[in-house]
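Below is one structure, written out as structure tokens, with a few remarks after it.
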Amino acid sequence: MRLTLRSEYALLALVYLGRQTTPGLISAGAIARAQQIPPRFLEQILLALKRARLVRSVKGRGGGFQLAREPGAITLAEVVRLLDGPLAFDNAVSLVAAKSVSRYFRGQTPILREKRLTALFREIRDLVADRMEHTTLADML
């Protein structure tokens, strides 16, 4: 699993939005300042979150962002997969990418030659994925 700045910043932005106690919209600038996220980078991330219907936005003066769903309905796995892809150390042991590996490698990827390594990485993948699937944004608030 790769956890890039994109998913880290996305999680920080979502946590910030989830902590808001007053109803209303929060500007991208306010989120960027509060969470120390480069504003232009945050705009790209917020667009991805909006397309995935994790946040909603209103343009213009007084506009901004808010969560589109309850914090308890947004899992960490969903956010990380959206921005970083599969929750595995290697595509060969990824639940999502496993089916597409064979089209890139005729036969096996190198790690698949060692059954015990493959089994270990699959076990780790399953533990991480399970934890992230069952941890919601609400748990982080």
Can you name every residue in the stretch 48-78 that is in a loop (DSSP other than H, G, I, E, B), open to solvent by 30 Å² or more (accessible area, probe 1.4 Å) and farther than 19 Å from Asp139 by Cα? Ala52, Arg53, Lys59, Gly60, Arg61, Gly62
Among the candidates Ile37, Ile45, which residue alone is among the hydrophobic types (A, V, I, L, M, F, W, C), in a loop (DSSP other than H, G, I, E, B) and surrounded by 13 or more Cβ atoms within 10 Å (Cβ to Cβ)? Ile37
Among Glu70, Glu114, the single one that is farther than 23 Å from Arg6 by Cβ and modelled with pLDDT of 90 or more is Glu70
Do we find that Arg19 is open to solvent by less than 80 Å² (accessible area, probe 1.4 Å) and charged (D, E, K, R) in this structure? no
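The values are calculated or read from the model by the stated rules, or taken from the named source; none is laboratory data. Computed from a prediction, not measured in an experiment: that's the story for all the values here. Neighbour counts are summed over all protein chains in view; Cβ atoms, including those assigned to glycine, are modelled from backbone coordinates with ideal geometry. The accessibility values were calculated without ligands, DNA or RNA, using every heavy atom of the protein model including side chains. Shrake-Rupley method; radii C 1.70, N 1.55, O 1.52, S 1.80 Å.
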